[in-house]
Structure formats: C-alpha cells, structure tokens
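The values are calculated or read from the model by the stated rules, or taken from the named source; none is laboratory data. Note that the coordinates shown come from a computational prediction; the quantities given were computed from them, not determined experimentally. We place every Cβ from the backbone using ideal geometry, glycine too, and count neighbours over all the protein chains shown.
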C-alpha cells in the first residue's frame with residue numbers, strides 16, 4: 001500500500017511541482033500544494049479515519065491495542081537495523097538485532113516488548129535519518145496524501161519501510177492485507193492524543209504541524225539529544241522587521257523560518 | 001548511560017570554562033578595562049534547576065488531584081505557579097517576532113493577558129490525570145548568552161515518555177522559564193511560527209480573537225475532567 005502511495009505522490013508532485021513562494025519560504029517552497037494535501041488529509045481523517053479509530057479504541061481493550069502496537073513495531077524493526085548498519089552504528093545494530101530476536105521469540109512475534117526489560121531499548125532510525133547522516137540536505141517540506149508530513153529527503157523511507165517490513169514477506173496477501181489495514185487503524189488510534197492536541201492548541205494547524213514535524217525530525221537525527229548550539233539558536237529572533245503595520249497583510253521578513261544570530265530582547269539581565 | 005556520560009562531560013567542561021572566565025572577568029574589572037567575558041551572574045545552575053524542580057512538583061501534585069480539582073481547580077492552582085516560574089511577558093514578546101515593536105502599549109498588554117490565560121489553560125488541560133509519571137532532572141548547562149538549560153525527562157512505567165528541556169533566564173532576582181523544548185520541539189518556535197503567520201495573513205486583531213477563542217474552548221465545561 002505504501003508503494004502505491006509513493007507512485008501516486010510522485011505523479012502528483014510532477015504534476016504540480018512548480019515552485020511558488022508561499023510564506024514557508026526556504027523550507028516549504030511547495031506550500032500551496034502542501035496546504036491542499038493537508039486539507040485533503042484532514043477531511044479524509046475527519047470523515048473516515050477518525051470514526052474508525054474511535055470505534056477501534058472503544059471495542060479493543062488497551063492491553064490488546066498495546067500488544068498490536070508492539071507487534072507492528074517489531075515486524076518493522078529490521079528497517080531500524082538496516083539503517084543502523086548503513087549509518088555505521090554497529091554497536092547499536094547489534095543491540096537492535098538482539099532486541100528483534102528477543103521480542104520475536106520470547107516476546108511472541110513482538111506482541112510483548114520483553115527486550116525493554118532486559119536493557120535492549122528501542123531506537124528510531126529510518127532512511128531519511130540515514131541520508132541526513134550521510135550529509136544529504138533535508139529538501140523541501142512535503143505533505144503527502146494519506147501519509148502526512150514528510151520531507152523530500154525522507155521519501156525513500158516509504159519504499160524502504162515496505163521492503164524491510166517482515167509482514168510483507170509472509171507470501172500470502174490474504175494474511176498480509178488485513179494486517180496492513182489493522183496497522184493503519186492502530187497507528188491512527190495511537191495518534192489520537194497528538195491530533196487532539198493539535199486541534200485544541202494550534203492557532204494555525206498547518207504551520208504548527210510543519211514546525212513541529214521538522215523540529216522533531218531534527219531531534220531524532222541528533223539521536224534524541226539536540227546540540228547546545230541548536231538550543232541557543234532557538235532563542236534568537238529574526239533580525240529584520242516588516243516595513244509597515246502588522247495588519248492585514250505584511251511582507252514576509254527574510255529568513256522567517258530560520259533564526260539568525262542577533263540581539264535578543266532583554267528578559268532582564270540583572271543578576272539573580 | 002552514554003547520554004548521562006556526555007552530560008557529565010559537558011557539565012565539567014562548562015564549569016571549567018566558567019571558572020577560568022570568572023577569574024579573568026574579576027581581573028579585567030579590577031583593571032577597569034571592561035572587556036566582555038562570560039556573564040558573571042550565571043555562576044551556578046542550581047537556582048534555575050530549583051525553579052524547574054518546584055514547578056514540576058506542582059504539576060505532579062495537580063496531576064494526582066486532577067479529577068477532584070477539575071479544570072477550574074487545576075487552573076486556579078497552576079496560575080500562580082506558572083506566573084512565578086515563567087517569564088510570560090518576555091515569551092509573549094518573542095512569539096510576536098518582528099511585529100511586537102509595531103503594537104501599541106494597549107495591544108501589547110492585551111496580548112500578554114490573553115497569552116497568560118492561554119498558557120495556564122493549556123497546562124490545566126494537558127495535565128489532567130496521573131498514571132505514575134515521574135520528572136527527573138538529567139543535566140543542566142550554562143549557555144552562551146548566560147541562560148541556563150535544565151534537561152529533564154518525563155517517565156511512566158519505567159519508560160521515558162518525553163524529553164523536556166527548559167531554558168531559563170534571569171528576571172530581576174529570579175530565574176524564569178523562557179522556553180520549553182519537548183522532544184526537540186521548541187514551544188517558542190512553534191508559537192512564533194503560527195502567530196506571525198496569522199498576523200501576516202489576517203492581522204493582529206484576528207490573532208487576539210483566535211487566542212481568546214482558544215482560551216474559551218479549553219475552559220469549556222467538557223474540559224472540566
């Protein structure tokens with residue numbers, strides 16, 4: 001299913017990849033197209049996925065949903081191992097191989113996360129993070145139909161995640177197809193709290209999702225530990241200001257989505 | 001273990017640099033040369049760590065009593081705690097990006113007021129139950145501007161659920177939170193990106209109205225759980 005989505009996305013991108021300068025600037029040159037896909041995804045979620053996920057949550061006990069989550073993460077875990085090796089993280093790959101073996105055997109095909117209890121913690125690696133490790137630039141921000149937020153650099157992950165998922169090697173579509181559907185529903189159910197947070201708190205859901213997604217990807221690429229310099233730069237506002245009053249429409253200050261080194265308004269610098 | 005080790009090494013390096021810088025600073029000041037050095041007020045991370053620890057303890061207390069307090073009770077308890085630990089006026093200013101300087105004093109005051117309400121209401125909504133969560137400090141650093149970064153984790157069932165980094169800066173005689181980075185996502189950057197987008201497309205009055213609507217939505221009786 002993800003392979004078909006990739007083909008659809010490629011066609012849509014080629015059809016509408018004229019670069020337009022939305023307010024997203026450097027990180028989101030295809031913003032008009034992305035916004036259309038975002039609206040499509042929200043509509044599809046509201047009328048299809050959300051009702052299905054809510055029903056799933058009501059009828060499926062939490063321990064069972066948790067077991068399914070562990071199972072689907074486990075069958076996809078070879079993808080993490082492959083990317084560990086591609087990034088040269090050999091010690092981590094050994095740990096992840098151990099985790100996969102323990103959970104697949106003692107953990108009953110991954111239904112139970114036994115590996116966590118013996119110190120084999122889960123890691124998150126994908127092809128996008130591998131490409132980042134190799135120095136490939138992030139590329140434009142993307143919103144893919146059905147898939148959601150992504151970046152051009154991360155799109156190979158869609159194909160790699162299918163190729164490395166053990167679920168697609170059972171040799172039986174009769175067995176794989178319902179599992180794939182269950183995977184999608186279970187994933188949507190797990191995302192319920194996050195999506196509700198966005199709905200409740202976002203002032204601009206599109207900008208919220210884009211900013212949060214890109215920042216979180218950067219966090220994962222740095223192994224869950226941002227460099228101090230990155231955190232320092234988060235506090236520095238853009239240097240330039242717009243040339244007129246703020247309402248109703250304003251020219252976009254340069255580098256709106258990138259902080260620059262500069263002077264930060266004083267938060268009161270007197271000593272404690 | 002690797003993470004803890006890197007934090008310890010970083011802390012040792014920062015303390016070493018600050019110790020030397022402080023001695024040079026004293027000498028330079030004594031000589032009246034006034035050459036810039038590392039900020040003298042950031043001599044210890046402990047006061048900032050204490051602010052975060054106290055605030056997180058308040059969150060845990062509220063979470064444990066969440067059902068009996070309800071939204072209004074949580075808001076009432078959290079409001080002074082948030083005001084005491086966060087520099088909300090400064091945060092509000094930063095979220096407006098370059099548009100802040102174009103606002104009148106009345107508009108600035110109105111924005112800070114609704115931003116404060118929204119911040120407390122968000123905390124009261126999000127921390128609405130307890131399942132054995134534990135906050136743990138994992139490190140503290142002095143940053144280049146003299147601010148302090150306090151690193152913590154939020155865990156439950158022995159698993160780390162979130163990495164929460166707090167940035168604090170001095171405000172008068174106290175250290176106050178000016179940004180929270182949750183799993184790599186800066187709350188300040190998130191708000192700034194959204195608010196400036198709304199101002200650019202719809203204007204400041206529309207932003208103010210949207211934030212007031214958000215506060216009202218969060219405060220609805222269905223949220224009083």
Quick test of your reading of the structure: residue A:259 fulfils all but one of (1) modelled with pLDDT under 90; (2) in contact with a strand residue (DSSP E or B) (Cβ under 7 Å, 6 or more places away or on another chain). Name the failing condition by number. (2)
Give me a count of the residues in the stretch A:207-230 that are under 22 Å from residue A:155 (Cβ atoms), buried (at least 16 other Cβ atoms within 10 Å of the Cβ) and in contact with a strand residue (DSSP E or B) (Cβ under 8 Å, 6 or more places away or on another chain). 9
Hits in the stretch B:66-75 (condition: exposed (fewer than 14 other Cβ atoms within 10 Å of the Cβ) and free of Cβ contacts under 8 Å to residues at least 40 places away in the same chain): B:68
If I go through the stretch B:78-93 residue by residue, how many of them are more than 16 Å from residue B:211 (Cα to Cα), in contact with a helix residue (DSSP H, G or I) (Cβ under 8 Å, 6 or more places away or on another chain) and buried (at least 18 other Cβ atoms within 10 Å of the Cβ)? 5
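Here's the yes/no breakdown for (1) at pLDDT 55 or above; (2) within 11 Å of another protein chain (Cβ to nearest Cβ):
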position: A:186; (1), (2): yes, no
position: A:208; (1), (2): yes, yes
position: A:228; (1), (2): yes, yes
position: A:231; (1), (2): yes, yes
position: A:242; (1), (2): no, yes
position: A:245; (1), (2): no, yes
Any residue at all in the stretch A:55-64 that is on the phi < 0 side of the Ramachandran plot, at pLDDT 95 or above, surrounded by 19 or more Cβ atoms within 10 Å (Cβ to Cβ) and not in a loop (DSSP other than H, G, I, E, B)? no
Please work out which residue is farthest from residue B:213 (Cα to Cα), limiting yourself to the stretch B:108-137 and to residues that are in a loop (DSSP other than H, G, I, E, B) and within 13 Å of another protein chain (Cβ to nearest Cβ). B:131
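Restricting to helices (runs of 4 or more DSSP H) lying wholly in the stretch A:123-229: which have 1 or more residues that are closer than 30 Å to residue B:211 by Cα? Can you show your working first?
On the way: elements: A:127-133, A:156-163, A:173-190, A:192-201, A:205-221.
Once the helices (runs of 4 or more DSSP H) in the stretch A:123-229 are filtered for at least 1 residues that are closer than 30 Å to residue B:211 by Cα, what remains is A:173-190, A:192-201, A:205-221.
With B:128, B:157 as the choices, which residue is out of contact with any helix residue (DSSP H, G or I) (no Cβ under 8 Å at 6 or more places or on another chain) and over 24 Å from residue B:45 (Cβ atoms)?
On the way: B:128 fails: out of contact with any helix residue (DSSP H, G or I) (no Cβ under 8 Å at 6 or more places or on another chain).
None of the other options fit; the residue is B:157.
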Across the stretch A:25-40, what is the number of residues that are touching a strand residue (DSSP E or B) at 6+ places or on another chain (Cβ under 6 Å) and either at pLDDT below 95 or not in a loop (DSSP other than H, G, I, E, B) (or both)? 4
Go through (1) free of Cβ contacts under 8 Å to residues at least 40 places away in the same chain; (2) over 23 Å from residue A:66 (Cβ atoms) for residue A:107 and report which single condition fails. (2)
So which residues in the stretch B:142-166 are surrounded by 21 or more Cβ atoms within 10 Å (Cβ to Cβ) and over 16 Å from residue B:187 (Cβ atoms), if there are any at all? B:142, B:148
